[in-house]
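> This is the structure, below, for whatever I ask next.
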Amino acid sequence: MFEKILEEKDKIIIAFLLITLGVLGRLFLFDMLPNTPEIYLTLNGITQHMFMLDLFFLIAVVSILSGLLLGGYYTFIVPLTAMIISDLIIGNTYILLFTWSGFALLGLIGYILKSKNCLTIKKIPTILGASIGGILLYDLWTNFGCWLGWYPKTLSGLGLCYTSALPFTLWHLLSTTLALTIVIIPIIYLKEHKKLQINIQSKPIEKPALIAVPAILMILAILTLVV
């Protein structure tokens, strides 16, 4: 067995692979999604599919891994680059700053998990639990943008927005939790068997940026819809 420490060149390679996965996944895997299951739920007088399938989990996993494995500026550079490149090709809606900032938040959650030494077999429930919280935060935030952009600016409009988004949220939780579990188990195996040592030491100047970038994007996202 050998021990491999992630040096800067290794981080660049991993960052490139994560960005490539996110971009190519968004571009080419949509048609490979299975048909939406014929399972329905009725809430707030609205009957709709229980799950609405999309490729959210791809960028969500890329975002979390960027913080969990790479840290530093990679925490937000990787998911934002993947989104920007793929959005330039396939497009996005005018709430794109909400989605970009949401993925930056998921990257920050990954970084926090790494800083707390959560990349161990015993901490897998912690990783998944924090990721579930991040997914819910992402959906609450991006659907708030949907409400500002497309729904009546009333409490009933807000309730309608979040109710209509539940099938997406359920799918996001299920698909991302499953995909993240599949990915992190072999990473933890390599780490615990000393085939891989992940050592993230962020520079002092990087830490404020990890919070500032999502915050600035969130402020800009709101301003684009209310000003």
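> Find all pairs meeting these conditions: Cβ atoms under 9 angstrom apart; at least six residues apart or on different chains; first residue within the stretch 1-27 and in a loop (DSSP other than H, G, I, E, B) and loosely packed, with under 12 Cβ neighbours inside 10 Å; second residue of a type in the set (K, R) and modelled with pLDDT under 90.
M1/K194; M1/K195; F2/K194; F2/K195; E3/K194; E3/K195
> Just to verify a result, which residue in the stretch 88-122, among those that are farther than 19 Å from D139 by Cα and free of Cβ contacts under 8 Å to residues at least 60 places away in the same chain, is surrounded by the most Cβ atoms within 10 Å (Cβ to Cβ)?
Among them, the one singled out is L113.
> Now a separate question. Quick check on my filter: what residues within the stretch 132-158 are among the aliphatic types (A, V, I, L, M) and under 30 Å from T181 (Cβ atoms)?
Hits for the stretch 132-158 are I132, I135, L136, L137, L140.
> Which condition number in (1) among the hydrophobic types (A, V, I, L, M, F, W, C); (2) at pLDDT below 95; (3) part of a helix (DSSP H, G or I) is the one that L97 fails?
Condition not satisfied by L97: (2).
> Given the criteria within 30 Å of P37 (Cβ to Cβ) and either touching a strand residue (DSSP E or B) at 6+ places or on another chain (Cβ under 6 Å) or not in a helix (DSSP H, G or I) (or both), does P125 qualify?
Against the criterion (within 30 Å of P37 (Cβ to Cβ) and either touching a strand residue (DSSP E or B) at 6+ places or on another chain (Cβ under 6 Å) or not in a helix (DSSP H, G or I) (or both)), P125 does not qualify.
> For the stretch 31-74, give me the residue count where each residue is under 17 Å from the mean Cα position of the chain (by Cα) and either assigned to a helix (DSSP H, G or I) or at pLDDT 95 or above (or both).
The total comes to 16.
> Going by what's in this entry, would S164 be described as in contact (Cβ under 8 Å) with a residue 40 or more places away in the chain, in contact with a helix residue (DSSP H, G or I) (Cβ under 8 Å, 6 or more places away or on another chain) and part of a helix (DSSP H, G or I)?
The answer is no for S164.
> Before we move on, is L137 in a helix (DSSP H, G or I), touching a residue at least 12 places away in the same chain (Cβ under 8 Å) and surrounded by fewer than 19 Cβ atoms within 10 Å (Cβ to Cβ)?
Spelling it out, L137 is indeed in a helix (DSSP H, G or I), touching a residue at least 12 places away in the same chain (Cβ under 8 Å) and surrounded by fewer than 19 Cβ atoms within 10 Å (Cβ to Cβ).
> Say whether the condition of being closer than 27 Å to G149 by Cβ, among the β-branched types (V, I, T) and part of a helix (DSSP H, G or I) is met by at least one residue in the stretch 106-113.
For the stretch 106-113, residues closer than 27 Å to G149 by Cβ, among the β-branched types (V, I, T) and part of a helix (DSSP H, G or I): present.
The values are calculated or read from the model by the stated rules, or taken from the named source; none is laboratory data. Being a predicted model, the structure only gives us computed values, none of them experimental. We place every Cβ from the backbone using ideal geometry, glycine too, and count neighbours over all the protein chains shown.
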